[in-house]
Amino acid sequence: MSGSMGDLLNSALISLTRLNALGRTGLDAIADPAFDRFAAMVRLVMRVPVALVTLVGPDRQYFPGACGLGEPWLGRRQTPLSHSFCQHVVATAEPLIVTDARLDPRVRDNLAIEDLGVVGYAGIPLTDANGEVLGSLCAIDTEPRAWTQAELSLLADLAASCSDSLRLRIATHRSDLAFDRSQLLLRASTALGATLTPDEVVETVRDLVSGTLDPAYVGFSVLDDTGHLLLASGRLLPATTAERWRHYGRLRTTPSALAATTAKPVLLADRAAVGAVTPDAAETFDEMGWQSAASVPLLGPAGPIGALTFTWKVPHTVDDGEQAVLVALAGYVAQTLARLRLLEDRRTAAATMQKALLTPLPRHHHIRMAARYQPAHHEDHVGGDWYDAVSLDGGRLALVIGDVAGHSIDAAAKMSEYRSMLRTLLIDRHEPPSALLRRLEHTGHALGLDGIATVVLAYLDPGPTGEHILTWSNAGHPPPSLLVGNEVSMLEGRDPLLGAGRRISRRNHTVRLPAGATLVLHTDGLVETRTATIDDGYRRLHAALVAHGGDAPDKLADALLADSITATAREDDVALLVVSVPD
């Protein structure tokens, strides 16, 4: 093949306009009944052993219509271009008429002569509505064939009808594609609205565009406060590639950086465009086998906040319809990222607030303690559960576990008020637990605090012979558990919860804690779920308490959380206070 002919072939075969039209036919190396009928008609009227409807891609030809083709070719329905006569039809946009391929300088070196038995060949161009040659309708003889003008006219008429069918396929595909794109955008607002993390955003966009745009990669980068870009989808790339683009300056010439800095879409139809417009990205495109890209700015109220990027492993021209979809999709993504940023700010603020409300436990000269707080799986990560311990005069230790109804910053605020009032009463009033709970309730009513709460308030006092005396009052809270040796008991005796009424009579209860005893106070989130009874939760708690009772309080607290009935599906906040009396 001469150099000029080779150049003509290459330029024709890789034409993006032609390849896009070819893709819109929806045809591939799979039998299509309509085009099999065209091949059968050609074989019949032309009286040839083989007839094909052939479409030509950049590196192969394939046969959606075939009649008389031998195996293995009929099963494969495609060949490499080394076996293609039809590529000449595409390159010249003219019929290719061959009497004896073995003698014709245009095709005498073609492998189809030996492998497929092609000797006589007549191929007429198949075109789209814009005149792009997509392939040919061809008649093939295994012997030399002098084609008559009448035969070629008949073949041309059939090719015109076959071209009409291809154009109808393309028009139908466009209509279906427009519908698919509209449905994509309808789904996008709902699907992205349910995402909670940047990874979920990427996965959702990938799912949305599969089958419509079919990119090889979807990712996005965001601008940080210094104007650098942060890659938010690095887990979808090889580690070295992800690290290269993890954090880089906005002046680097990449599709994402260019879209983010210009606030305009960056459309790169092929590898040459990538190298010319975004040379800093060329190495990555070669590593990943990408040929084309589209990057769309993510626009916030004050300007671009990043870019949404798609890449393909084949040349891809983004048409006006696709660009409109990408821009609209980028708008949804930008709104979603703004929502996620707001949620993250709320989480951070809530976590800071919760940490401030749950102060460290006091040091005690012989009592060992550990406390834990675990939020439920809700957005604010803050609630009304709390624990507290206050060292008082005479070696007395005040212990508190409580729960204000609700899972919100409002519940945490009410919890803070109850906690602060109770701490003040503990320091100022030397009264039994029941009396302090009555004062707490009365103070809350006087100040307009309407939150419903459950509380256990206990005093732990050293006894004369090494044991300790626990005195407590319970306002509607789950009873604490006491481990002595290998026996676990529950400290029963509950009065109504705080806020349930006025002038409620409250009682005190007392128990002796021998040396080595362990006391566990907790909120109901440790033992209660919607799918299991509280009795099941207590059985599991007590089994874990016996199994790990010899552990230090910190290890024991972690073990109780890990072994609890709610560990795998935390539906409620958990506050936990473990108190160990030394041997």
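Rule-based calculations on the coordinates, nothing more; no lab input. Everything numeric here is computed off the predicted structure, so don't read it as measured data. No Cβ is skipped: glycine too gets one built from the backbone with ideal geometry, and neighbour counts run over all protein chains shown.
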Report task. Just rank Met415, Met288, fewest to most, by other beta-carbon atoms within 10 angstrom. Result -> Met288, Met415
Query raised in the report: Quick one: net charge of Leu229's neighbours, Cβ under 15 Å, K/R +1, D/E -1?
Result: 0
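Roughly what % of Cα-Cα distances in the range 439-484 sit above 12 Å, to the whole percent?
Numbers: 753 of 1035 pairs.
Value for the range 439-484: 73 percent of Cα pairs lie more than 12 Å apart.
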Report summary line: In whole Hz, the Karplus estimates of ³J(HN,Hα) for the range 278-289 (6.51, -1.76, 1.60; θ = phi - 60°; x where Gly or Pro) are 10, x, 5, 8, 4, 4, 5, 4, 5, 4, 8, x
Query raised in the report: Long-range amide H contacts for Asp385: which residues qualify at under 5 Å (H placed 1.01 Å from N, peptide plane, sequence gap of 5 or more or a different chain)?
Result: Val404
Query raised in the report: What whole number of Å gives the distance from the Cα centroid of the range 307-324 to the Cα centroid of the range 31-55?
Result: 36
**Report entry** Ranking of Ile452, Ile140 by count of other Cβ atoms within 10 Å, fewest first
**Finding:** Ile452, Ile140
Report task. Any chance you could get the radius of gyration and Dmax over the Cα atoms of the range 398-515, in Å? Result -> 14.9, 46
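With the contact rule set at Cα under 8 Å and sequence spacing of 6 or more, what percent relative contact order holds for the range 163-288? Walk me through the intermediate numbers first.
On the way: 103 pairs, mean separation 16.8, N = 126.
RCO, the range 163-288: 13 percent.
Using only alpha carbons, build the gyration tensor for the chain and give me the equivalent ellipsoid semi-axes, biggest first, whole Å. Don't jump to the answer; show the numbers that get you there.
Working: eigenvalues 1272, 120, 84 Å².
Value: 80, 25, 20 Å, ordered largest first.
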Query raised in the report: Relative to the longest principal axis of the chain, what angle (0 to 90°, nearest 10) does the C-alpha long axis of helix 433-446 take?
Result: 60
Query - Alpha-carbon centroid distance for the pair the range 143-196 / the range 240-282, whole angstrom - result: 33
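Percent relative contact order of the chain, based on C-alpha pairs within less than 8 angstrom and at least six residues apart? All intermediate terms of the calculation are to be shown ahead of the outcome.
Working: 1148 pairs, mean separation 49.2, N = 583.
Relative CO of the chain lands at 8 percent.
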Query raised in the report: Listing Tyr538, Tyr387 from the residue with the fewest other Cβ atoms within 10 Å to the one with the most, what is the order?
Result: Tyr538, Tyr387
Query raised in the report: Convex hull over the Cα atoms of the range 358-580, averaged projected area in nm²?
Result: 11.5
**Report entry** log₁₀ of I(q)/I(0) at q = 0.10 Å⁻¹ - the range 3-172, Debye sum with one point per alpha carbon
**Finding:** -0.31
Query raised in the report: So what are the ³J(HN,Hα) numbers for the range 51-56, from phi and the Karplus equation (6.51, -1.76, 1.60; θ = phi - 60°), rounded to whole Hz, Gly and Pro as x?
Result: 9, 9, 9, 10, 10, 10
Report task. Could you quote the convex hull projected area for the range 87-131, Cα atoms only and averaged over all directions, in nm²? Result -> 3.3
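Where does the charge balance sit around Pro462 when Lys and Arg score +1, Asp and Glu -1, over other residues with C-beta under 13 Å from its C-beta?
Around Pro462, the charge tally is -1.
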Query raised in the report: Considering the alpha-carbon set of the range 194-346 alone, what are its Rg and its Dmax in angstrom?
Result: 14.2, 46
Query raised in the report: Non-local amide H neighbours of Cys67 (under 5 Å, H modeled in plane, Pro and chain starts lacking H): which ones?
Result: Ala51
Requested in this report: Please give the direction-averaged projected area of the C-alpha convex hull for the range 172-245, in square nanometres with one decimal.
Outcome: 6.2
Query - Contact order normalised by residue count of the range 235-349, Cα under 8 Å, 6+ apart, percent - result: 23
Report task. Taking H placed 1.01 Å from N in the peptide plane, check which residues at least 5 places from Gly219 or on another chain put their amide H under 5 Å from its amide H. Result -> Thr309
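Quick one: in the range 488-583, what % of C-alpha pairs are over 22 Å apart? Please list the in-between numbers first.
On the way: 1697 of 4560 pairs.
Summing the P(r) tail past 22 Å for the range 488-583 gives 37 percent.
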